[in-house]
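Notes to accompany the following structure.
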Amino acid sequence: MNARRAAIAAVVVFALAAAWVLFVAMPRWYAARRAQLQPGTPAAASSPAAAVRKITATLFYVSDDGMSLMQVQREVPFGGTPAEQARAIIEAQLAPVAPQVSAIPADVKLRALFVTERGDAFVDLSGDVSTKHPGGSLNEIFTVYSIVNALTVNLPAVTHVQILVDGKEVDTLAGHVDLRHPLAKSLEWVVHDTQ
């Protein structure tokens, strides 16, 4: 009888241990392992697989003499679709990078970006692009075409760019460049001395 009780006790202890492993230990281990592999966690950030894929894009900045735009090669995050790639390019174009001088006023934000199947990109910028613009026809040309050219030079899927301000169509940014229609690439003001 004691041997039978001992066998039953051993089976019960084994069953309890197995249940604890299956229902407590394994889920905790699995949850901790998944947390390590989630993007943004230190383990994921340090692993080579978590490295961000990049492309080299041509961006446009004001030349040293202030009379033209110059092309600058910069790495930007890779986007899986034309709209995602366009967003990465415009966000890079808006970000200040010393020693380059941006033609786009400081603090301008990208509110939204859409690319149609026809190849038109709609770039919706914050109101700072107008309210903080220094004015002048040359400055406005540089502002507009640093955005238009950044997309049309880098993305074959984009042929024209329509600039919107705070979600609305505008006639101009500062009174000189007609923005009522999508604009095509124009390298007329670009110096071909690439850095």
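The table below lists the values:
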read-out	value
Qualifying positions in the stretch 155-168 - open to solvent by 40 Å² or more (accessible area, probe 1.4 Å) and either touching a residue at least 24 places away in the same chain (Cβ under 8 Å) or aromatic (F, W, Y) (or both)	A157, T159, H160, D166, G167
Restricting the stretch 93-102 to residues that are within 15 Å of the chain's Cα centre (by Cα) and touching a residue at least 12 places away in the same chain (Cβ under 8 Å), the residue that is surrounded by the most Cβ atoms within 10 Å (Cβ to Cβ)	Q93
Pair list, Cβ under 9 Å, 6 or more apart: the stretch 116-132 residue farther than 13 Å from I147 by Cα, other residue among the acidic types (D, E)	S126/D107; S126/D166; G127/D166; D128/D107; S130/D166; K132/D107
Among the residues listed as T143, T152, the single one being open to solvent by less than 40 Å² (accessible area, probe 1.4 Å) and either touching a strand residue (DSSP E or B) at 6+ places or on another chain (Cβ under 8 Å) or closer than 18 Å to R118 by Cα (or both)	T152
Residues (open to solvent by 40 Å² or more (accessible area, probe 1.4 Å), assigned to a loop (DSSP other than H, G, I, E, B) and over 19 Å from T159 (Cβ atoms)) located in the stretch 103-136	A106, D107, K109, K132, P134
Condition met for T172 (over 19 Å from the mean Cα position of the chain (by Cα) and in a loop (DSSP other than H, G, I, E, B))	yes
Matching residues, the stretch 116-142, being among the polar types (S, T, N, Q), within 15 Å of V165 (Cβ to Cβ) and at pLDDT below 95	S130, T131
Odd one out for L37, checked against (1) open to solvent by 80 Å² or more (accessible area, probe 1.4 Å); (2) at pLDDT 95 or above	(2)
Looking only at the stretch 48-75, and only at residues there that are touching a residue at least 12 places away in the same chain (Cβ under 8 Å) and farther than 27 Å from L138 by Cα, the one that is most open to solvent (accessible area, probe 1.4 Å)	R53
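The values are calculated or read from the model by the stated rules, or taken from the named source; none is laboratory data. On a predicted model such as this, the values are computed, not experimentally measured, just so you know. Cβ coordinates were reconstructed from backbone atoms using ideal geometry, including for glycine residues, and neighbour counts include every protein chain displayed. Only protein heavy atoms, including side chains, enter the accessible area calculation; ligands, DNA and RNA are left aside. Shrake-Rupley method; radii C 1.70, N 1.55, O 1.52, S 1.80 Å.
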